[in-house]
Structures are given as C-alpha cells and as structure tokens.
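The next block holds one structure in the form of structure tokens; read it before the comments.
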Amino acid sequence: MYAEVDQEECIGCESCPEFCPEVFKMQADGLAVAYTNPVPSEFEEAVKEAVEGCPAHCIHLT
C-alpha cells in the first residue's frame, strides 16, 4: 500500500500524523506529507484510520 497526501486539498489540520506519525508528518509549509512508502504492514490500519479521519479527504491509497 502507498499513501499520498494531495497538497492542493490538504488544509494542514495535523490529524494524519496524530493517527500515524510513522507514515505522516507536517512540512514547514504547514501541509502534511506521507514520508514512509510503501506503508509497512504494521501501520496499514492506522493509515486507513487517517484516511477516514481526514476532514479534507486528501489522503489517497494505492
């Protein structure tokens, strides 16, 4: 599984790193990025929770 944060849609709410800091982090510009790809299997559930909890619906999984 790969995670990607759409920078055009991200609102910088910081919810994704709260769900899974092993995969998501905030950048200096205030937007989130998925910095661990592919997503390790032990973090897949947390990443799915981040997708569901994202108010901007900007996290995409492939």
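Return the label of the correct value of mean projected area of the Cα convex hull in nm², as calculated from the structure shown, out of [x] 5.5; [y] 3.5; [z] 4.2.
Correct label, based on the coordinates given: [y].
Quick check on the chain: helices-only [θ] at 222 nm, where DSSP H runs of length 4 and up contribute -39,500 (n - 2.57) each and the sum goes over total residues. Nearest 500, please.
Values: 2 runs with 15 residues, N = 62.
Taking each H run of at least 4 residues, the total per residue is -6500 deg cm²/dmol.
I want to verify a result. In a Gaussian network model of the chain, Cα cutoff 10 Å, which of these has the top mean-square fluctuation: Glu52, Glu14, Glu44?
Glu52
Read-outs throughout are calculated quantities, based only on the coordinates presented, and are distinct from any laboratory measurement. All figures in this text were calculated on a predicted structure; none of them were measured in a lab.
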